[in-house]
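One structure below.
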2 protein chains.
Amino acid sequence: MNKQNIIKPRKLSGFMELEPKEQLIFDQMIDKVKKVYLRHGFMPLDTPVLELSEILLAKSGGEIDKEVYRFNKGDTDICMRYDLTVPLARFVAMHSETLHYPFKRYQVGKVYRGERAQKGRFREFVQCDADIIGNGELSLVADAECLKMVDEVFEALNLEIVNQISNRNILFGFIEGLGYGEIEKQILTILDKINKIGKDNAREELAKIAVKEKDIDSLLKIIEKRGNFDKILAETEQLSQNETFLKGIRELKEVYSYLKAMQINEEKIELNLSIIRGQDYYTGTVFEAVMPNHREFGTVCGGGRYDNLASYFSEKNFPGVGLSIGFTRLFDLLLQNNMLENVPQSNVVLQIIPLGNTLLECLSLQEYFAKHLPCDVAYENRSFKAKMKDAGKQEIPFVLIVGENEVASKIYALKDMKNSEQFTLSKEDCLKKIVSNLD
Amino acid sequence: MNKQNIIKPRKLSGFMELEPKEQLIFDQMIDKVKKVYLRHGFMPLDTPVLELSEILLAKSGGEIDKEVYRFNKGDTDICMRYDLTVPLARFVAMHSETLHYPFKRYQVGKVYRGERAQKGRFREFVQCDADIIGNGELSLVADAECLKMVDEVFEALNLEIVNQISNRNILFGFIEGLGYGEIEKQILTILDKINKIGKDNAREELAKIAVKEKDIDSLLKIIEKRGNFDKILAETEQLSQNETFLKGIRELKEVYSYLKAMQINEEKIELNLSIIRGQDYYTGTVFEAVMPNHREFGTVCGGGRYDNLASYFSEKNFPGVGLSIGFTRLFDLLLQNNMLENVPQSNVVLQIIPLGNTLLECLSLQEYFAKHLPCDVAYENRSFKAKMKDAGKQEIPFVLIVGENEVASKIYALKDMKNSEQFTLSKEDCLKKIVSNLD
């Protein structure tokens, strides 16, 4: 191949590609998330990355259209999925007769958004979603189960979070009760962005659309409420007689009673009536988890209750509740902030290094050890010294040195690289030593 | 939503979408494959699904172009990956300075080919690849390691295979030694398709391009050789003095000596000098695994040695050897032929069913059990009878019945659904009973 034919290797910008040692941790974390979902009786679903544009764009406004990867193949108008919810809706509508309800499914998969690349934003990212779908109706226990799983997932990941919980009906109903009619939506929009624009600007904007100062005060007071559920719900309950508002209070009380029965860690949840999660889609419980020591990370997990998953694909009613973790973004934040624990150079626990003409014996020993733990043989054509040095660089915890004497005696030199200790043992005892060290 | 606004839910044809219970098995099988790769010290890689067309199509001929999903986004000419090898080559070329060699990576991911949809062919499919890449040189132990992993992967999947192994240099060198010059490639092409067209047609076609009958006889004799490596290699060795041929014999002997040291199951491998795997790319060891009781499935795993992974992206030389399992196709074959073991309706091991007003207690019990096993609560608003019937239909092995008496006494009714036995036990003893039953 001539030099001029070489194509400079590069990947598309905005696409995460981890080093293998980081990918190992990524995969292990994903496995932990899946394990929590599975323990709660969720089943996996894996929908295709490609869908008909007619399906995928059925419910989206113009906004998503710009971001979506869309193209024609032959006569077919195709999109890459931009979330896992529309495919779930399509799946449920297609299989509504044969599914078992409540349908508890999780999906861990890549989704695509061709938005402008910027730091911390990815065009391909892994989402870890779990949803519970009812047929016609769905108990509020499902909302509590999702909230409990958020707690358990981050516990499993060893990441501290606070899950901020509300019920949209509380704030919506309260605003409705103020009687501003048509500008209700504008009020919500302003409140939804209060964390970005600040309280003073919000106050100004609300005044501009003729919300009375007294009402602005009570609105800001409500959305600033935080903390103990029982106390705050009891206080808040007095503030309006609006039916939607009271429904929200009732629902949140019920969900909270289930959370207590589930022994949720109370320090990990927080009532926060400012949580809205946009104006459409969600209809009851809403939540956004943040990391209390890294609030700048924003929402690391969010979700809520929706009345009708599949309205574009079915006349039937499928209420649901779900949670979603933008895993690629979360992982990137942890990586960039040196918050990943124990990233090893290699997953090999034992490397067998031949000394002299012992390669075949080493391969036979690998066969023995690899049944129990990740093990390889340094079979490359390099010096023993170079191989030992390399094992150190790779942070491999144990090395087995196999010379011709060792082959004859079947007693091997096991080196604990971390503690610079060396043992002379049979292969069975080497295995015991390593395994006991791993526990 | 009005009826006329409902969009008929459907997915693109040629895309596999499993039922959740099947997906559960699919995922469990993938996990088993990964475990084998990890035990051999391989590390995971996850390249993006999308690549620059310039990169992805660098080495492909016109043939793949028709199949590839290619589109523009803004000014960027983008392709969906059609295999995991070109992205690996791009990755290695980009990170050649920092990788540790031999670089052992596995990748389990979806690849895309927009070919005409037909039974058993998918436009999106999961590949499970493992490759070992050297820097400048790579020991033949790597070839043996890949062959050993094929054995272990299918052992882990509990699927019987025979891995047909050759070294391309043997057949290539033998043909070269016959001295037909320019028509060598045509001879190979005819031999490569012999399983499709049959021996007689191959004989005819070879005669047509003026291959002598004596040479046709010896060619057909060579590619029909099967069985014991030592014996056949010793026999075959005598048949030519061509250097390439003798190199192939030497390499295969060496690889076989490693396989024996690795205690490979000799019944699972077979020397088969007809294995070619196309005319390009592979340069030494080649293999194709088939299921002896289902030869009609074709190759379920294939791979081999290549001299230079990244020639289009780098002036350096990266020899490699790898294996690839077309997992979606394999799974589909197993599914269609009822060869999947134990497909459960649900992964739930214990379902807790409230009887009377005991929901909160049930949620608290779920919290206890779900720490140890997949467990859920039948919290929907349906009759106890309907829930019990449903647990049976879902094939859930254990049901815990929690009435008000049980709450008071903390002694619960555990029903073993399979054996229709019922026990009256504390929650701790229920857990013991279930766990002992699972082992």
Which whole-number percent gives the relative contact order of chain B, counting Cα pairs below 8 Å spaced six or more residues apart? 15
Roughly how many Å is it from the Cα centre of region A:384-412 to that of region A:337-382, as a whole number? 9
P(r) histogram, all alpha-carbon pairs of region B:7-116 included - 10 Å bins from 0, percent: 12, 32, 34, 20, 2, 0
Treating only Lys and Arg (+1) and Asp and Glu (-1) as charged, each at its beta carbon, one finds that chain B has a dipole about its Cα centre, in Debye to the nearest 20, of 1140
For region A:135-146, what does the Karplus curve 6.51 cos²θ - 1.76 cosθ + 1.60, with θ = phi - 60°, yield as ³J(HN,Hα) per residue in whole Hz, taken in order and with x for Gly and Pro? 9, x, 9, 8, 4, 5, 4, 4, 4, 5, 4, 5
For region A:350-438, calculate the relative contact order in percent as a whole number, restricting contacts to Cα pairs under 8 Å that are 6 or more residues apart. 29
What residues from region B:364-407 fall in the zone where the backbone N is under 13 Å from a label point 7 Å along the Cα-to-C-beta line of B:K433? B:398-402
Can you tell me the 0 to 90 degree angle between the C-alpha axis of helix B:213-223 and the longest principal axis of chain B, rounded to 10? 30
Unsatisfied cross-links (Cα-Cα over 30 Å) in the set A:K73/A:K119; B:K119/B:K260; A:K8/A:K32; B:K225/B:K247: A:K73/A:K119; B:K119/B:K260; A:K8/A:K32
For region B:334-345, in residue order, the Karplus 3J(HN,Hα) values (coefficients 6.51, -1.76, 1.60; θ = phi - 60°; whole Hz; Gly and Pro = x) are 5, 5, 5, 9, 6, 9, 8, 8, 6, 7, x, 5
Using the Cα centre of the protein assembly as shown as the reference point, and only Cβ charges (+1 on K/R, -1 on D/E), how large is the resulting charge dipole? Debye, rounded to the nearest 20. 600
Listed residue (A:S218, B:Q422, B:G278) projecting farthest to the positive dipole end of the protein assembly as shown, Cβ model: B:G278
Under the Karplus curve 6.51 cos²θ - 1.76 cosθ + 1.60, θ = phi - 60°, whole-Hz ³J(HN,Hα) for region A:46-58, x wherever Gly or Pro sits: 9, 7, x, 5, 9, 9, 4, 4, 3, 6, 5, 9, 3
Taking all pairs of distinct Cα atoms, average 1/r, flip it, and tell me the Kirkwood hydrodynamic radius of region B:350-438 in Å to one decimal place. 12.8
Label-point separation, A:N317 to B:H95 (7 Å along Cα→Cβ), nm: 5.1
For region A:162-204, state the average projected area of the convex hull of the C-alpha atoms over all orientations, rounded to one decimal in nm². 3.6
When the charge dipole of chain A is computed with +1 on Lys and Arg Cβ and -1 on Asp and Glu Cβ about the Cα centre, the Cα farthest towards its positive end, among A:I396, A:V92, A:L56, belongs to A:I396
Tilt of helix B:243-261 relative to the longest C-alpha principal axis of chain B, in degrees (0 to 90, nearest 10)? 30
Most mobile of B:R250, B:R81, B:R305 in a GNM of chain B (Cα contacts under 10 Å): B:R250
Can you tell which of B:I197, B:I216, B:I30 shows the greatest fluctuation in a Gaussian network model of chain B with Cα springs below 10 Å? B:I197
Mean separation of Cα pairs under 8 Å and 6+ residues apart, divided by the residue count of region B:217-296: what relative contact order is that in percent? 41
Quickly estimate the mean residue ellipticity at 222 nm for chain A, helices only: each DSSP H run with n ≥ 4 gives -39500 (n - 2.57), and the total goes over all residues, rounded to 500. -12000 deg cm²/dmol
By how many degrees, between 0 and 90 and to the nearest 10, does the Cα long axis of helix A:359-369 differ from the longest principal axis of chain A? 40
One finds the C-alpha centres of region B:138-216 and region A:196-213 to be spaced, in Å, by 77
Please pull out the direction-averaged projected area of the protein assembly as shown, using the convex hull of its alpha-carbon atoms, in nm² to one decimal place. 42.5
I need the calculated FRET efficiency for the pair B:N72 and A:E184, taking r as the beta carbon distance and R₀ as 41 Å, to the nearest 0.05. 0.45
Show the residues, 5+ positions off or on another chain, whose built amide H is closer than 5 Å to the amide H of A:D77. A:S53
The value for region B:162-290 (convex hull of the alpha-carbon atoms, volume per residue, Å³) is 100
For region A:350-438, give the magnitude of the charge dipole about the Cα centre (Cβ charges: +1 Lys/Arg, -1 Asp/Glu; no others), in debye to the nearest 20. 180
Cβ density ranking, 10 Å radius, fewest first, applied to A:R382, B:R113 yields A:R382, B:R113
Tell me which of A:S346, A:M149, A:N228 sits at the most positive position along the dipole axis of chain A, charges placed on C-beta atoms (Lys, Arg +1; Asp, Glu -1). A:S346
Here the percent of antiparallel bridges among DSSP beta bridges lying wholly in the protein assembly as shown, to the nearest 5, is 80
Using a Gaussian network for chain A with springs between C-alpha atoms less than 10 Å apart, which of these wobbles most: A:I132, A:I269, A:I232? A:I232
Around B:N317, which amide H atoms from residues at least 5 apart in sequence, or from another chain, sit under 5 Å from its own amide H, with H modelled in the peptide plane? B:G136
Taking placed amide H atoms and a strict 5 Å upper bound, the residues 5 or more places from B:G284 or on another chain that come that close are B:R168, B:R305
Mind checking A:19-28 for the average number of partner chain beta-carbons within 10 Å of each residue's beta-carbon? 5
Excluding same-chain pairs closer than 8 in sequence, count the lysine pairs in region B:361-420 whose Cα atoms lie under 23 Å apart. 13
Chain A: translational diffusion in µm²/s, Stokes-Einstein, Kirkwood Rh over Cα pairs, 10 °C, 1.306 mPa s: 62
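Read-outs: derived from the displayed coordinates by stated rules, not from any lab. No experiment lies behind these values; they were computed from the predicted model shown. Note: ideal-geometry Cβ built from the backbone for every residue, glycine included; neighbour counts use all protein chains shown.
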